[in-house]
Amino acid sequence: MDRKRLTLSGDRWFRLWDVWIVFVLALGFLLFATSGPAPAAAQPVLPAISAQAYVLMDAANGLTLAAKNAQQVRPPASLTKIATAMVALQRARLDDVITVSVNAANTGGSRFGLSAGEQEQLWKFLYGLLFRSGNDAAVAIAESTAGSVPRFVNLMNQWARSVGAVSTHFVNPDGLPAVGHYSTARDIALMARAALANPIFARMVSGRAETFTWDGHPRRVTNINQFVWDYPGAMGIKTGYTDSAGFCLAAAAERNGRLLIIVLLGEPSSAQRWADARTLTDYGFKNYPLLASRQLQSGPGGRAGTGSGAGATWTSPDASVATAAAAPPGRGAAAGTVYVVRPGDTLWDIARKFNVPLDRLTEVNGVASPDRIPVGRKLLIPTAEPPTG
């Protein structure tokens, strides 16, 4: 055999070496390109929710995890009764006697079935209010604890403002449609959060049924809130419906020590309300670590940590704060920082966050409380009092 035929020439060795070098370099580049830092976790996709407005809130810190039309003013229907119950609990004792007037007994809409002249303890009326959504119970409670419905409603509005629900105004204790009777999904979530901090309210709305003596006879009252029956760890809080408000719900659920609040306004049907309540709550528990850990970047040029889907938004715990150089014009200019307004913010929220007087915040920025302010607006947060004299 010819030995020369088994030996590669020098030229062919060099050509193979060139190919091998190209191959190694290409492989190295590919490995480098694919071994960079792991991509950031994707924003969870918001579920399709049929409500005209909704809020998903962390009860522990008031953080809005997801929202749609959260500040849209809408009729709250019987979600009004959250405020009714809280004013009653603050103003009266559970064993105070409530007397049913003719006016209360004749109140229309959903009823507890009261008759004029009946007298029972407040706690029993509260079950009629929260479990059966009794409009007659709401009026009886208002008249007996405050002397009149208008006086009681004034207390409701004061309580709403005290918990940050500054875009809410009540004209009755039952939620029947009325001019000037309105709230927002965010405000209702704030009211629900404050109410759940009251152990009596929280225990009541978590129940499914209660039996007690009424007018000398046993009476069993069941909760019409299906969510509290169907969803593990649920606190029913309150249902609502009117033709103008649609089907509404304020509810909460606890899992692994975490309590989430949902508010649904303007649902097209009762069945859709329950389905969306489960979907939104599941979404919150499943994605909570990612939703709650989104941080807004600080400093000039920081981006708000918001995302969107089907007209909804999720928001992160903090807000974009910039230097005072970008402050908007206003009266009584002062040194401070600039806050970029997030979805769902109110002036009350911002004043409390930065521990500044609300009237000082509105004066410096030339806005009127409790007007809502557009998302993205830059507000000067004053850090010094204006000069006096």
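Among all positions in segment 170-186, there is at least one residue which is in contact (Cβ under 8 Å) with a residue 24 or more places away in the chain and part of a helix (DSSP H, G or I).
Quick check, is residue 70 of a type in the set (A, V, I, L, M, F, W, C), under 25 Å from the mean Cα position of the chain (by Cα), surrounded by fewer than 21 Cβ atoms within 10 Å (Cβ to Cβ) and part of a loop (DSSP other than H, G, I, E, B)? No, not satisfied. Whether a residue is in the same structural domain as residue 225 (by TED's automatic domain parsing), part of a helix (DSSP H, G or I) and surrounded by 16 or more Cβ atoms within 10 Å (Cβ to Cβ) was assessed, and residue 98 does not pass this test. Of the residues making up segment 240-294, those that are over 25 Å from residue 73 (Cβ atoms) and among the basic types (Lys, Arg) are 255, 258, 278, 286, 294. If only residues of segment 101-153 that are more than 22 Å from residue 223 (Cβ to Cβ) and of a type in the set (D, E, K, R) are counted, the one that is surrounded by the most Cβ atoms within 10 Å (Cβ to Cβ) is 143.
Return a yes/no flag: does segment 271-279 have any residue that is in contact with a Leu (Cβ under 9 Å, 6 or more places away or on another chain) and within 26 Å of residue 179 (Cα to Cα). Within segment 271-279, one or more residues are in contact with a Leu (Cβ under 9 Å, 6 or more places away or on another chain) and within 26 Å of residue 179 (Cα to Cα).
In segment 185-203 there is no residue that is on the phi > 0 side of the Ramachandran plot and in the same structural domain as residue 109 (by TED's automatic domain parsing). When segment 74-95 is filtered for residues that are loosely packed, with under 15 Cβ neighbours inside 10 Å and of a type outside the set (A, V, I, L, M, F, W, C), the ones remaining, listed by number, are 90, 93, 95. Of all residue pairs spaced 6 or more apart or on separate chains, those with beta-carbon atoms under 6 Å, a first member in segment 59-82 that is on the phi > 0 side of the Ramachandran plot and a second member that is of a type in the set (S, T, N, Q) are 77/242. Among the conditions (1) farther than 20 Å from residue 210 by Cβ; (2) in contact with a strand residue (DSSP E or B) (Cβ under 6 Å, 6 or more places away or on another chain), the only one that residue 131 does not satisfy is (1).
The values are calculated or read from the model by the stated rules, or taken from the named source; none is laboratory data. Computed from a prediction, not measured in an experiment: that's the story for all the values here. A quick note on method: Cβ atoms are made from the backbone with ideal geometry, for glycine too, and the neighbour counts reach across all protein chains shown.
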